[in-house]
Amino acid sequence: MGWYKNIRLFTKIQIFISLIFTVMFLISGAVLFFTRKSQIANEYENKLGAQINELESVINSYLKRDKDLLNLAVNIAEHKINENSEIVESPTKEITIKAVDPFTNKTIEVNLNEWRVDGFPLLGNYMLVDQLSSLTKLDVSIYQKCDKGYVNVSTSIQSSAKERKERMIGDILLKSSPIVETIEQGNQYTGRVYQNNAWYN
């Protein structure tokens, strides 16, 4: 009978040791799992951070290029207007047009003193903007100041409507817009405007 009791004790010890090894195995597995998970998360975060930094560098280089192009285009436009064209504002002849706020699509009636370029009315005259667009390879718009803000009176941008191609004149930048607030302070505005189902810089 003694040997039978010893066998049962030996079995109990084996079961106990097996349980200890099983628990240790599970704990080790859990530690390895969470350690590796943390390593993968850190690797992914570092990789994502590097990609974001690379993307930011690319965007900044494109922004710098666009600003340089814009400054060059502004200089060319100013030279073209000052040297080769004469824009005169009529103090007496007033025009009433229906302008559209591009942000709300609301129509606003505004009064403008007529501008004339080389003796011809600027409103609806695209010769100057087309020349500037050809020289700068950029879209060109001329805005005239009014009591409500600035109205687009001439542009090289055409409507995307397939049935008829029209120039996108008549949009108004209200005094409350960040664009007007920036230029009224004598600063150059750099940004994007959503117009005619497209973004313009």
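The values are calculated or read from the model by the stated rules, or taken from the named source; none is laboratory data. Not measured: the values here are computed from a predicted model. No Cβ is skipped: glycine too gets one built from the backbone with ideal geometry, and neighbour counts run over all protein chains shown. Remember, those area values only see protein heavy atoms, side chains included, never the ligands or the DNA or RNA. Shrake-Rupley method; radii C 1.70, N 1.55, O 1.52, S 1.80 Å.
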**Complete:** For the pair residue 16 and residue 34, the simple spin-label estimate (label points 7 Å beyond Cα toward Cβ) gives in nm 2.8 nm
**Request:** Could you pull out every one of the aspartates and glutamates with an alpha carbon less than 19 Å from that of residue 137, ignoring same-chain neighbours closer than 8 positions?
**Result:** 66, 68, 78
**Eligible aspartates and glutamates near residue 37 by straight Cα distance, threshold 13 Å, same-chain separation 8 or greater** = 45
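Under the Kirkwood approximation for Rh and a Cα-based Rg, what ratio Rg/Rh is obtained for the chain? The partial results should precede the final answer.
Numbers: Rg = 35.4 Å, Rh = 22.8 Å.
Rounded to two decimals, Rg over Rh is 1.55.
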**Asked** So which of 67/98; 67/175; 67/145 end up more than 30 Å apart, counting from Cα to Cα?
**Response** 67/98
**Request:** Compute the length gained on full extension between residue 86 and residue 104: take 0.36 nm times their separation in residues and subtract their Cα-Cα distance, giving the result in nm to one decimal.
**Result:** 3.1 nm
**Item:** HN-Hα J in Hz across the stretch 30-44 - Karplus 6.51, -1.76, 1.60, θ = phi - 60°, x for Gly and Pro
**Value:** 5, 5, 4, 4, 5, 5, 5, 4, 5, 5, 4, 4, 5, 4, 5
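How many percent of the accessible area of the chain is carbon or sulfur, using a 1.4 Å probe? Could you put the intermediate results ahead of the total?
Numbers: 8620 of 14860 Å².
Ligands and nucleic acids excluded, carbon and sulfur reach 58 percent.
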**Prompt:** Any idea what angle helix 127-136 forms with the longest principal axis of the chain, computed on alpha-carbon atoms, 0 to 90 degrees, nearest 10?
**Reply:** 40 degrees
**Request:** Please identify every one of the GluC sites (Glu not before Pro) in the stretch 83-160 that sits in a loop by DSSP and has no more than 13 other beta carbons within 10 Å of its own beta carbon.
**Result:** 86
**Fill in**
Per residue, accessible area of the chain with a 1.4 Å probe, heavy atoms of protein chains only, in Å², comes to 74 Å²
